[in-house]
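Okay, structure first, notes after.
The values are calculated or read from the model by the stated rules, or taken from the named source; none is laboratory data. Predicted model, so just to flag it, every value in this text is computed and none were measured. Here the Cβ positions follow ideal geometry from the backbone for every residue, glycine too, while neighbour counts run over all protein chains shown. Just the protein is used for accessible areas: all its heavy atoms, side chains included, with ligands, DNA and RNA removed. Shrake-Rupley method; radii C 1.70, N 1.55, O 1.52, S 1.80 Å.
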Amino acid sequence: MGCDNPGAIANVTAVCSPPEKSRKTCKISLMRVVHVLAFLVAANARGAELSPVRNFSVAPSELSISASCVPGTPWSVPGDRGAILGRQSGIFEAWLWPVKILSDFRISAELQDYPVPIDVNALATQIQVTPAETIITYSHAAFTIRQHAFAAHGKQRAPTGAAVYFEIQSVRPLELTFSFTPDMLRMWPAPNFGRPDGEWIKQGSGGFYVLHTDNPDFSGLLAMPRTRPGIMPPYQEHPQRYPLQLKLSYDPKREAGQVFPLVIGMAHGKDYISEVNSIYSSLPEIYGAAQRYYSEFFNERTVVDSPDPRVNEAARWAEIALDQMQVGYHGEIGLVAGYYMSADSARPGFAWFFGRDTLFSIYATNSSGDFPFSRTALNFLISRQREDGKIMHEFSQAADSIDWKSTPYFYASADSTPLFIMTMRDYIGASGDTAYLKANWEAVKKAYSFMTAHESPEGIYDNREGTGWVESWPSGMPRQEIYLAVLDEQSLDAMAYLATLMADDKLSTAARQKAKRMEGIVESTYFESDKQFYAFSRNPDGSLDHTASIYPAVAWWDGTMSLQHSGSMMSRWASAEFSTDWGTRDISENTPFYDPISYHQGSVWPLFTGWVSLAEYRAGRPVSAYSHLMQNLNMTWSQDLGSVTELLSGEFFAPLGRSTAHQMWSSAMVLTPMLRGLFGLHWDAPNNTLQVTPHLPAAWNGARLKNVHLGGSAFDLTFTREGSRMTVTAHSVGPQTLCLVEGATRPAPCKSAASVVHTVSLPLPAVEIGIPTNLPTSGAVTNQIKVLNEEYAADRATFTLAAAGDSEQDVTVRANVPGVRVEEGRIENERVHVRFPQ
């Protein structure tokens, strides 16, 4: 049997708990935790066996996603010390970074006087995802089991990084068998110590497993109260591998209202009983700390309050998904790229540290005001900067087990170094933390020196110093991708900005002059006037690779540059040639080597979709930009609930089989285009200036952003439509100096008087339109309306639309001035009906 109604997803409303409610909830949780701890410590002091405990779960978070389960769909519960990664059938694997303890955890049942074996995982019917835990519900006519998975969060040093516990209700006594494969695999590429054996250590009438490897100092611990071992072949038996089992006899009369935690731990000595008891007694507190962590999570971060609940919820989920990428490494915290079940491998998705993934994602945390997060991530990269200034590309969680510097991975890419300078500029612009810049100025200068020392004769930092974007290419590896060239130009502008703050006028002038020169080089090198498109790259022989790609979209990333002849190219990006109904392909579908299920030649990445969305917003194409933003945003409910997947087919709406389901920069591409594009924010904290160029959807009358951070100040921004203008108002708790200005301006000191209210009035277009922005059904092909071009003037707006031939489409219309009419149609009920010819 499968799951009921596998495609249904429930719509829920996510609202921040009021502070009073949050505090009350925390107090209740703390009281429960203290009570349980007292019970457990007393039991441990007597040396007694593990016993089930009173249910320590709290009421579900108000930010929650509930859905009917789809058995093969992934979910993840990561923390900085470990993770539970599973499928919606409930089967999971457990990691305590960087070690996979177990995999293929399954449940079967036998009901008293009911002689039928029951596959419990086949009964998985409902999944509920909250920030602190994921709950799978198994439903049978005679019993219900709820499987709670959670990870350690917060500042406390927990004795384990992740855990699972089970709520059980049954009308009859129930015999449950929990089976799993012991792994004890260190993350790739660390050497391992053979297949582990499970030794059962008896403790009272129960006990626990020690997972021994060929290394006597490398063992794991698995326990559950009142369980006994399952299959334990004697020595005389023919050698054969069996799963380990924990068998539990559940009596509803005796154990109703209690829960059965699963202890997952690493052994650090030989006193296994004490270690198991220590982990077990800590689980309620670890659970309570995670709940408290997320109950306070949005107190300081930016919160979106718009007329669309999905926009509001997706922004919060994106902030959480990014936060969950923090992983501890020998006292440091770095950002890993993504999570996905490892199956038979020792690589759980991209759960190791990446340079460019981190740097692109920091733009999102800078946007939401999570400056400590950004600093921590930058520190991790700075501590691994190569002596010549190059910034790392990737670093395994198990890198210390081998000579990582001798591998080809550490500094493989060429883009992390310019991105580091750009990201530092963005962090300083948002936070105003010039002390951090001063403390790390040598690292920034070393990165700049590396780039200038490795320029090509044409003046472009190129692929001879590592790969650009693509790691393989059908016609041979490129020499100078436009992707790298436009990053190079933006990093030069960033260096000029940072050098000005450091009062290094000579360096600032030189960097700005190089940036201006690079602008001309990019245009003269890559723009092909006959195609009205920018080439993908320059080949080693000096010729151009004419592949039409989305990589030039990165030119708009920093908000400091653009491409001068981009109109025709952007129209093609918006068309079905590039844009599916779930995101943008990286290359045109007309390319001879287009392959919609390849990694680099035709698949859809939410990362690329985010690049294009932000570029469109900044180039004055907000309708197509919003469509692309919503494609990423709606992925929040599409696969690993609450996060956004890595890549999808370019032909059908389905993720690739190896798509890392909880991908850091995919979730970042919800926040960055939303806050910097839709709301049009650009920060200049050193000058107390916040630039605003909002592009609210036509259907919105207004919106609000809470906790927009500019340096050490926080503001609530309200966006209100008033006829042909939009008023943006910034409110602060106390008087603050703030220049709230329209559009992009060069940095200049703000001379505005301190106040609690600051306002700017902006003109609106005469006419705005909207198109549907829902994802298609699974397996669908591209069929939705596209907006290929948008032209706005004082008295008119012109839109070029494309849709399937012989189809009829409704376009919503908002007239911001009176007397608007439509050529070749008429407005009825704020809509224009459009019929497309065959």
Residue check: is ARG292 basic (Lys, Arg), farther than 23 Å from GLN639 by Cβ, open to solvent by 20 Å² or more (accessible area, probe 1.4 Å) and not in a helix (DSSP H, G or I)? no
For the range 517-530 the number of residues that are of a type outside the set (A, V, I, L, M) and more than 34 Å from the chain's Cα centre (by Cα) is 7
Quick check on THR660: is it in contact with a helix residue (DSSP H, G or I) (Cβ under 6 Å, 6 or more places away or on another chain), open to solvent by less than 10 Å² (accessible area, probe 1.4 Å) and of a type outside the set (Phe, Trp, Tyr)? no
Can you report the number of residues in the range 179-196 which are exposed (fewer than 15 other Cβ atoms within 10 Å of the Cβ) and either aliphatic (A, V, I, L, M) or closer than 13 Å to LEU222 by Cβ (or both)? 0
Give me the pairs, please: first residue somewhere in the range 342-356 and over 19 Å from MET392 (Cα atoms), second residue anywhere and open to solvent by less than 10 Å² (accessible area, probe 1.4 Å) and among the basic types (Lys, Arg), beta-carbon distance under 8 Å, and either six or more positions apart or on two chains. SER342/LYS100; ALA346/LYS100; PRO348/LYS100
Looking only at the range 346-356, which residues are out of contact with any His (no Cβ under 8 Å at 6 or more places or on another chain) and open to solvent by less than 10 Å² (accessible area, probe 1.4 Å)? PRO348, ALA351, TRP352, PHE353
Going through (1) free of Cβ contacts under 8 Å to residues at least 24 places away in the same chain; (2) over 36 Å from the mean Cα position of the chain (by Cα) one by one, PRO735 fails only at (2)
Among the residues of the range 638-648, what is the count of those that are more than 11 Å from the chain's Cα centre (by Cα) and open to solvent by less than 10 Å² (accessible area, probe 1.4 Å)? 2
Between LEU647, LEU656, LEU641, LEU675, which is touching a residue at least 40 places away in the same chain (Cβ under 8 Å) and within 30 Å of ILE428 (Cα to Cα)? LEU675
Here the residues within the range 409-448 that are part of a loop (DSSP other than H, G, I, E, B) and either closer than 14 Å to GLN490 by Cα or touching a Lys or Arg at 6+ places or on another chain (Cβ under 7 Å) (or both) are TYR411, ASP415
Subset of the range 95-114, residues out of contact with any Asp or Glu (no Cβ under 9 Å at 6 or more places or on another chain), surrounded by 22 or more Cβ atoms within 10 Å (Cβ to Cβ) and outside any strand (DSSP E or B), comes to PRO98
Wholly inside the range 124-224, strands (runs of 3 or more DSSP E) that include 1 or more residues that are touching a helix residue (DSSP H, G or I) at 6+ places or on another chain (Cβ under 7 Å) and not hydrophobic (A, V, I, L, M, F, W, C) are 133-139, 162-170, 174-186, 197-203
Which residue is surrounded by the most Cβ atoms within 10 Å (Cβ to Cβ), if the candidates are limited to the range 795-831 and must be aliphatic (A, V, I, L, M), in contact (Cβ under 8 Å) with a residue 40 or more places away in the chain and touching a strand residue (DSSP E or B) at 6+ places or on another chain (Cβ under 7 Å)? VAL811
Answer yes if at least one residue in the range 71-93 is within 23 Å of the chain's Cα centre (by Cα), surrounded by fewer than 20 Cβ atoms within 10 Å (Cβ to Cβ) and over 23 Å from THR160 (Cα atoms), and no otherwise. yes
Residues within the range 685-696 that are out of contact with any strand residue (DSSP E or B) (no Cβ under 7 Å at 6 or more places or on another chain) and not polar (S, T, N, Q), tallied: 2
Extreme residue, most open to solvent (accessible area, probe 1.4 Å), among residues of the range 527-562 that are in a loop (DSSP other than H, G, I, E, B) and closer than 15 Å to ILE460 by Cβ: PRO540
Test THR636 against the stated conditions and say whether it is in a helix (DSSP H, G or I) and in contact with a His (Cβ under 6 Å, 6 or more places away or on another chain). no
When residues of the range 374-391 are filtered for being open to solvent by 10 Å² or more (accessible area, probe 1.4 Å) and either under 15 Å from the mean Cα position of the chain (by Cα) or within 23 Å of TRP469 (Cβ to Cβ) (or both), how many remain? 4
Identity of the residue in the range 214-247, of a type in the set (Ser, Thr, Tyr) and open to solvent by 20 Å² or more (accessible area, probe 1.4 Å), that ends up farthest from PRO182 (Cα to Cα): TYR235
Taking the residues in the range 449-482 that are modelled with pLDDT of 90 or more and assigned to a strand (DSSP E or B) as candidates, determine which candidate is most open to solvent (accessible area, probe 1.4 Å). THR467
Right, VAL34: at pLDDT below 90 and open to solvent by 50 Å² or more (accessible area, probe 1.4 Å) or not? yes
Expected single match for surrounded by fewer than 21 Cβ atoms within 10 Å (Cβ to Cβ), in contact with a Pro (Cβ under 9 Å, 6 or more places away or on another chain) and either under 26 Å from GLU313 (Cβ atoms) or modelled with pLDDT of 50 or more (or both) among PRO6, PRO60, PRO18, PRO117 is PRO6
Return the pair list, or none, for Cβ contacts closer than 7 Å from residues in the range 173-185 that are aliphatic (A, V, I, L, M) to residues that are at pLDDT below 95 and surrounded by fewer than 23 Cβ atoms within 10 Å (Cβ to Cβ), at least 6 apart or on different chains. LEU185/ALA346
Only one of (1) in contact with a Phe, Trp or Tyr (Cβ under 8 Å, 6 or more places away or on another chain); (2) among the β-branched types (Val, Ile, Thr); (3) closer than 30 Å to LEU690 by Cα does not apply to VAL741, and that is (1)
Flagged in the range 223-264 as acidic (Asp, Glu), touching a residue at least 24 places away in the same chain (Cβ under 8 Å) and either out of contact with any Lys or Arg (no Cβ under 9 Å at 6 or more places or on another chain) or under 26 Å from HIS212 (Cα atoms) (or both), in numbering order, are ASP251
I'd like to check which strands (runs of 3 or more DSSP E) are fully inside the range 673-769 and have at least 1 residues that are surrounded by fewer than 14 Cβ atoms within 10 Å (Cβ to Cβ). 713-722, 725-736, 755-763
